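Shown next, in structure tokens, is the structure this report addresses.
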Amino acid sequence: MSFRVCDHALARHKLTTLRRVETDSPTFRRVIGELGLILAMEALRDLPEADRAIDTPLTAMQAPCLAAPVPCIVAVLRAGLGLTEGARLLLPEAPIGHVGLVRDEHTLQASRYLLRLPPDIAARGALVMDPMLATGGSAIQAVTALKEAGARDIRFACVVAAPEGVARFAAAHPDVPVVAAALDERLDERGYIVPGLGDAGDRCFGTA
Ligand code: PRP
Ligand code: URA
């Protein structure tokens, strides 16, 4: 599996805004969407292309376009919704899938409560977006669900990753590349990423 941290000053700047404890929920929601756009650019930079015959105002030429069909964007609920807002601006023609997962705060096991994917998912690639890769359990389950539905060329984008989650995800899905805005130090005893940004879903939707 390939894991890389997005090397972009704007990504680092926006992540700092998300990390700050005083950032309010409307700002958090806006900025996580902006970061989602940057992460989607990074995760999709090598999408398959095909040349098409076009006319410019001056001449005919062969010009590169994305090969069809474009990948599906998949939000891991809840917090992935904020990230996919930005990705949708980049790829407005992409269908949007949803995987609802919630982590038990004691066992840290994620359980699934929703799966809605486009019917032609097996013909497309997929970009799965969830801000936090903590223990890795949620990301692993989300990607497993997509593979079971037949998706291929799956990529995963997150905001903050913990070393434990990256290692577990790589062992479960070595074929799925991961892009993150940062690789943090560790998990604490409650399974939160440190230094992290807190509970992404609660901060995004004002439910803390
Ligand atoms: C958070 C986060 C990830 C998950 C990461 O979701 O958005 O989905 O935890 O943790 P893991 O890597 O240990 O599985 P949460 O379960 O809090 O649900 P929410 O987005 O609805 O708040
Ligand atoms: N989920 C979050 O929202 N934040 C963390 O730090 C870990 C899991």
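What follows is calculated from the coordinates using simple rules that are stated; it is not laboratory data. A quick note: this is a predicted structure, and the numbers were derived from the prediction, not measured. Positions of Cβ are backbone-derived with ideal geometry, glycine not excepted, and every protein chain shown enters the neighbour counts.
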Check your understanding: Residues in region 143-151: is at least one within 16 Å of ligand 2 (Cβ to nearest atom) and crowded, with 16+ Cβ neighbours inside 10 Å?
Key -> no
Residue 121 vs (1) over 13 Å from the mean Cα position of the chain (by Cα); (2) touching a residue at least 60 places away in the same chain (Cβ under 8 Å): all pass except (2)
Scanning region 194-208 for residues that are buried (at least 21 other Cβ atoms within 10 Å of the Cβ) and not in a helix (DSSP H, G or I), the one farthest from ligand 2 (Cβ to nearest atom) turns out to be 197
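Residue 37 - would you say it is of a type in the set (A, V, I, L, M), farther than 21 Å from residue 73 by Cα and in contact with a helix residue (DSSP H, G or I) (Cβ under 7 Å, 6 or more places away or on another chain)?
Details: of a type in the set (A, V, I, L, M): yes; farther than 21 Å from residue 73 by Cα: no; in contact with a helix residue (DSSP H, G or I) (Cβ under 7 Å, 6 or more places away or on another chain): yes.
So residue 37 does not fit the description; no.
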Taking region 175-193 and keeping only residues that are more than 8 Å from ligand 2 (Cβ to nearest atom) and among the aliphatic types (A, V, I, L, M), one is left with 176, 178, 179, 180, 181, 182, 183
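Taking region 103-136, which residues are among the polar types (S, T, N, Q) and touching a helix residue (DSSP H, G or I) at 6+ places or on another chain (Cβ under 8 Å)?
109, 135
Residue by residue, here is whether (1) in contact (Cβ under 8 Å) with a residue 24 or more places away in the chain; (2) closer than 19 Å to residue 91 by Cβ holds:
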site: 12; (1), (2): yes, no
site: 15; (1), (2): yes, no
site: 24; (1), (2): no, no
site: 40; (1), (2): yes, yes
By residue number, the members of region 112-137 that are in contact with a Gly (Cβ under 9 Å, 6 or more places away or on another chain), buried (at least 19 other Cβ atoms within 10 Å of the Cβ), under 30 Å from residue 188 (Cβ atoms) and not β-branched (Val, Ile, Thr) are 129, 130, 131, 132, 133, 134, 136, 137
Every listed condition ((1) more than 17 Å from the chain's Cα centre (by Cα); (2) free of Cβ contacts under 8 Å to residues at least 24 places away in the same chain; (3) closer than 15 Å to residue 180 by Cβ) holds for residue 59 save (3)
Among 51, 46, the single one that is part of a strand (DSSP E or B) and either loosely packed, with under 15 Cβ neighbours inside 10 Å or in contact with a Leu (Cβ under 6 Å, 6 or more places away or on another chain) (or both) is 51
